[in-house]
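See below for the structure under consideration.
The values are calculated or read from the model by the stated rules, or taken from the named source; none is laboratory data. Quick caveat, the model's predicted, so the values are computed rather than measured. Glycine also receives a Cβ, built like all others from the backbone with ideal geometry; neighbour counts cover every protein chain displayed. SASA here: full protein model, heavy atoms, side chains in, ligands and nucleic acids out. Shrake-Rupley method; radii C 1.70, N 1.55, O 1.52, S 1.80 Å.
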Amino acid sequence: MRLDVLSIFPDYLAPLELSLIGRAREKGLLDLTVHDLRDWTHDRHRTVDDTPYGGGAGMVMKPQPWGEALDALLGAGAASAEEAPAPEDGTAPVLIVPSPAGEVFTQATARELAERRHLVFACGRYEGIDQRVSDWATTRMEVRPMSIGDYVLNGGEVAVLVMVEAIARLLPGVIGNPESLDEESHEDGLLEYPVYTKPAVWRDHAVPPVLLSGDHGKVARWRRDERLRRTARVRPDLLVALPQDALDAHDRATLAQAAADQEPTAGVEAAGPDLAE
Ligand code: ADE
């Protein structure tokens, strides 16, 4: 997979040289390049921003450096091709524009983007990038404004670190043991179970005995029950979103018991939907 990141703070992306992502780059699994947007400016001050039309606070990123940078990354013909929407068959490069106003980036988005050939990340700063950059880019690319959550960051760089890590670890060969991906939080709509290692007792806290039983069936059932209980407690919204057939009778009994255990005593109604039915 090819990844290009455009930023006025390329050093911010240095963590992409470390750990699993760094190793994947060394192994050639990931062709990732971080570019300084200012390389596509032409004035002495390497200006990338200007005042907003219509007035208001802050500065807006100028379209010109972005346009030239995208032309360079898309290669010959990018600037001269006819203005037609990029093909919607999954072959077009994807322009990901981190923004608190974008669609929310989820594990499903990561999985979807991990299938694509070429991702370009455009890190905006200030009040954002002139809208015409995205409007023009739709003629060459699939444009995806993307938010990593309901809070505001100073720019797109941190969001790109998050998204690149979530996407890259799904690529073949990046994670040593791909089976470890299967039971992770968010992969099947449930949070993951708690994990333990030696010693069996630490500061008077014992490992749950079932994990020492050697009974693989019981361990698997306990882990699934823990995932259900944890999800019900911390993220009931995820349970509501599960497909109808995702829970069997045993799962529902576990959830009913968890709800009963959580039930407030003094006649106060438990909040949230009844998932045990
Ligand atoms: N830029 C600023 N805030 C952001 C957010 N929440 N997600 C993605 N990009 C952003």
Checked the range 244-261 for anything under 29 Å from the mean Cα position of the chain (by Cα) and assigned to a helix (DSSP H, G or I); matches are 244, 245, 246, 251, 255
Checked the range 171-198 for anything loosely packed, with under 12 Cβ neighbours inside 10 Å and β-branched (Val, Ile, Thr); matches are 195, 197
Of the residues in the range 130-183, those that are more than 17 Å from residue 95 (Cβ to Cβ), free of Cβ contacts under 8 Å to residues at least 24 places away in the same chain and not small (Gly, Ala, Ser) come to 177, 178, 179, 181, 182
### residue 197 among the polar types (S, T, N, Q) and either assigned to a loop (DSSP other than H, G, I, E, B) or under 23 Å from residue 147 (Cα atoms) (or both)
yes
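Taking the range 224-240 only, how many residues are closer than 16 Å to residue 257 by Cβ and surrounded by fewer than 17 Cβ atoms within 10 Å (Cβ to Cβ)?
As a first pass, look at the range 224-240 and keep what is closer than 16 Å to residue 257 by Cβ: 224-233, 236, 239.
Checking which are surrounded by fewer than 17 Cβ atoms within 10 Å (Cβ to Cβ) leaves us with 233, 236.
Going through the range 224-240 one residue at a time, the tally reaches 2.
Take the range 30-45 and flag every residue that is in a loop (DSSP other than H, G, I, E, B) and more than 19 Å from residue 128 (Cβ to Cβ).
To start, the set of residues in the range 30-45 that are in a loop (DSSP other than H, G, I, E, B) comprises 30, 41-45.
Passing the criteria: 30, 42, 43, 44, 45.
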Reported set for the range 100-146 where residues are open to solvent by less than 80 Å² (accessible area, probe 1.4 Å), among the hydroxyl-bearing types (Ser, Thr, Tyr) and in contact with an Asp or Glu (Cβ under 7 Å, 6 or more places away or on another chain) is 139
Among helices (runs of 4 or more DSSP H) entirely within the range 70-188, at least 1 residues that are touching a Cys at 6+ places or on another chain (Cβ under 9 Å) and within 16 Å of the ligand (Cβ to nearest atom) occur in 157-168
Is it the case that some residue within the range 204-222 is in contact with a helix residue (DSSP H, G or I) (Cβ under 6 Å, 6 or more places away or on another chain), touching a residue at least 40 places away in the same chain (Cβ under 8 Å), open to solvent by less than 80 Å² (accessible area, probe 1.4 Å) and among the hydrophobic types (A, V, I, L, M, F, W, C)? no
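Identify all residues within the range 1-29 that are of a type in the set (Gly, Ala, Ser) and not in a helix (DSSP H, G or I); write none if there are none.
Step one: list which residues in the range 1-29 are of a type in the set (Gly, Ala, Ser), which gives 7, 14, 19, 22, 24, 28.
Across the range 1-29, the qualifying residues are 7, 28.
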